[in-house]
Amino acid sequence: MPAASPDSSHCHRLALVGAVDPLLLDLVGLSLQGEDALVIAAQFRPEEGGYGAVHLTAVDPDAGLGSGEPVAIDVPMSFACQTCSLRDVLLAVAEDRANMEPVGATVVLLPPALELVHLVPRLAAEVERLDGVRLAGVAHVISTDTAVEDLLFHRPLAERALAAPGDERCTGEVHMVGLGYADLIIAIGARGPGADLIEHLRADSALLISGLDAPLLPELLGIRHDAAVACARVHPATMRAWGGPVSHGVRTLDLFSERPFHPGRLRSLVAELAGEGMCARGCFWLPSRPGRVCAWEVAGGAISVADAGMWAEVPVLDDGNCRGPGLMEPRCHLIVTGIADDEVCERTRRAFSQVLLRDDEMAEALSWAGVDDGLSDWFGESA
């Protein structure tokens, strides 16, 4: 569980809440009304001929956004990048609120479908430079009733009017990042397969809250966000498998080997390795790219492969603390989670084993270095 801030009672605390579904953010806002904090809902408002604006609304109708400010304001975006603009706005909000209420608190409900890992780490670094402000808990809200469909099936954000033109992300991609990065997971809905799936996918160090019956604000403000640790939890080379309840058929496979994948067999067995009705996260390495971390993700039925940097630059987690870059050896480590029977699990394990280099191939592994492995299109490289 994230540690409480040692100086939390002597500064202004800023907490963040993210979700895919705007209705869940509304529920969180309602649950926080009457608590000792200003709750602000942030949204993007695109405009023709400009970058648009960040729209801020005080959730409590009796609260303002500051001394003499109206209940709602539009702040023009400084950049074409919405996330960059929001970061600047939140930094200004944190500074203003700290000046007005040095020992107060502000909770920001983030725009729906915003990925925490793209916003929070740099915001956390900027907040640390401010006097009298601390970044408190970062939460992700998810419905247990729709978690299975949102995570295991392809649900484009565009179909829910939650994506800008050209944004092809699906709900599963955002949830996977949120469940891994957040300090606190708020699961709303009934027990069942969705609740079990959330248990399997959340970081073990994150606090899980079921429903909104208990006061939420003390939990948010009792945490001091550590961006380095949170980033390490979602880094493809350092994320971990936690497992969880299996009574509703949710299974997690922890597949590991120090051997690299064979590029040709990886391409031919990619569907089998992804698994049917599963989501997955992790890393692998290739003899043709020995120094590079290759990221693997399956979310919402879509498979994503990317270059995640150098193995020598991978942050190392040690007892919940991030020690910075270490000397991690290349490995293939895939965490596969979903609703699956023994046959599906065995088929996925078998595919993982088949893709690895065999004994006779390991002897020639060095000859792959610098050779075209036929996967340039996967990594977005020109032919």
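Listing for the model above:
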| item | result |
| --- | --- |
| Residues of segment 226-263 satisfying the condition of being over 27 Å from P121 (Cβ atoms) and of a type in the set (D, E, K, R) | R251, E258, R259 |
| Residue check, D167 acidic (D, E), touching a strand residue (DSSP E or B) at 6+ places or on another chain (Cβ under 7 Å) and either outside any loop (DSSP other than H, G, I, E, B) or without any contact (Cβ under 8 Å) to a residue 24 or more places away in the chain (or both) | no |
| Among the residues listed as D213, D204, D254, the single one being more than 19 Å from A306 (Cα to Cα), modelled with pLDDT of 95 or more and surrounded by fewer than 23 Cβ atoms within 10 Å (Cβ to Cβ) | D254 |
| Filtered residues of segment 141-159 (kept if in contact with a Lys or Arg (Cβ under 9 Å, 6 or more places away or on another chain) and farther than 9 Å from G189 by Cβ) | E149, P156, L157, A158 |
| Residue match in segment 84-93 (condition: of a type in the set (S, T, Y) and under 22 Å from L157 (Cβ atoms)) | yes |
| Test: residue in segment 209-229 that is free of Cβ contacts under 8 Å to residues at least 40 places away in the same chain, out of contact with any helix residue (DSSP H, G or I) (no Cβ under 8 Å at 6 or more places or on another chain) and not in a loop (DSSP other than H, G, I, E, B) | yes |
| Selected residue [modelled with pLDDT of 95 or more and among the aliphatic types (A, V, I, L, M)] from L30, L90, L56 | L90 |
| Identity of the residue in segment 282-293, touching a residue at least 60 places away in the same chain (Cβ under 8 Å) and open to solvent by less than 20 Å² (accessible area, probe 1.4 Å), that ends up nearest to the chain's Cα centre (by Cα) | L286 |
| Output for segment 124-143, where each listed residue is touching a residue at least 60 places away in the same chain (Cβ under 8 Å) and not small (G, A, S) | V127, V133, R134, L135, V138, H140, V141, I142 |
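So that you can scan it fast, the table gives a plain yes or no per residue for (1) part of a strand (DSSP E or B); (2) modelled with pLDDT of 90 or more; (3) surrounded by fewer than 14 Cβ atoms within 10 Å (Cβ to Cβ):
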site	(1), (2), (3)
E47	no, no, yes
A98	no, yes, no
P111	no, yes, no
R134	yes, yes, no
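The values are calculated or read from the model by the stated rules, or taken from the named source; none is laboratory data. Owing to the predicted nature of the structure, the values given are computational and were not obtained by experimental measurement. As a convention, Cβ positions derive from the backbone with ideal geometry for all residues, glycine included, and neighbour counts pool all protein chains shown. Accessible surface areas use protein heavy atoms only, side chains included; no ligands, DNA or RNA. Shrake-Rupley method; radii C 1.70, N 1.55, O 1.52, S 1.80 Å.
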